[in-house]
Amino acid sequence: MRPAIYIPNYNGSQRLGRALRSLREQTRPIDVVVVDNGSDDESTELVREDFPEVSLIELGRNLGFGPALNRAVAEQPADAVILLNNDTEAEPRFVEAMLDALDDDVQMVAGVLLQERRLELIDSAGVIADRTLMGFDYLHGEPAEAALEAPAPLGPTGGAALYRREAFDAAGGFDERIFLYYEDLDLALRMRTAGARCRLAPEARALHAYSAGSGAASAFKYSHTGWSRGYMLRRYGVLSQPALAARALACEAAICAGQLLRDRAVAGLRGRLRGWRDAAGLEPRDHTAAALLQISARDALARRRRRRG
């Protein structure tokens, strides 16, 4: 099975070269596809001039993370679809370890992203979620060795993921309404509902510069995470359950209040309202097949604070 690695890019020329150089050192043969979301920096020139072996798909405008990847997979399909962020540096066995974790019973594989500033710590080893579908990076802040014995997450993070293309296509790929953030959790929930399984590949590791593209506390990120959160709450009917609704609204209010007090930002609140509105009238989605965290609201908010820190 010859896999393809798909890297979405938007104005990432200062980071993209490092990611592509690391893929030249992989222990398994691969095809590499960069899908560019209308960059106005030197990204496309970099790929053409320095990485002629890489296929370049130019979209001409910024369609968002999931929509760009959907187009890339459709245009240059592979049986094993591997996703990698442009702000990563893959270890030489990254692809090999991802493929080794794949068997007939597994449709998703989660790689391990390590913190660029503290290489001994995990940034993300997949996605998990609580009962309100608040998403978290699996094993964030844990030592890298923790991944060796850890059970599988709900699904892979979009920054280091492998999907069987047949299962990816059957699920409809990424939801193209989601521009950025939570698209990997949404896909994992839909694939789980369809019976897909995920496995963790602890030796498929890459260094990750967290939020290098959008900024960890930018209005841009707050707006898009907020939209995705509001959209998910409505699309999956979380607020239709009174107990969950009270908890979800309390947590979202606390998060938005924190953004307002700390960063003088209301983009997160506005994003949530837009996402909720945009999900109106859409077919509800089921998440009962997914294993969700049974944690308190306090624990959920503490996990959010640690992630931001």
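Here are some notes:
- Relative packing of peptides 174-182, 278-286, 292-300, 74-82 - highest average C-beta neighbours within 10 Å first: 174-182, 74-82, 292-300, 278-286
- Residues with amide H under 5 Å from that of residue 116, placed H, sequence gap 5 or more: 208, 210
- Residue 263/residue 194 FRET efficiency (R0 41 Å; Cβ-Cβ; nearest 0.05): 0.60
- The chain: angle of helix 297-308 to the longest principal axis, Cα-based, in degrees nearest 10: 40 degrees
- When you count the other C-beta atoms within 10 angstrom of each residue and take the mean per peptide, 138-150, 190-202 line up highest first as 190-202, 138-150.
- C-alpha long axis of helix 13-23 to longest principal axis of the chain, angle in °: 60 degrees
- The angle separating the long axis of helix 267-278 from the principal Cα axis of greatest extent in the chain is about 90 degrees.
- Annotation for residue 75 and residue 118: the two label points, set 7 Å from Cα along the Cα-Cβ direction, are 4.0 nm apart.
- For the chain, modelled as a GNM whose springs connect Cα atoms under 10 angstrom apart, the maximal fluctuation among 266, 33, 109 occurs at 266.
- Projected label distance in nm at residue 166 and residue 241, using a 7 Å step from Cα toward the beta-carbon: 3.3 nm
Just so you know, all these numbers are worked out from the coordinates, no wet-lab data involved. For clarity, every value in this text was computed on a predicted model and none was experimentally measured. Here Cβ is always computed from backbone atoms with ideal geometry, including for glycine, and neighbour counts include all displayed protein chains.
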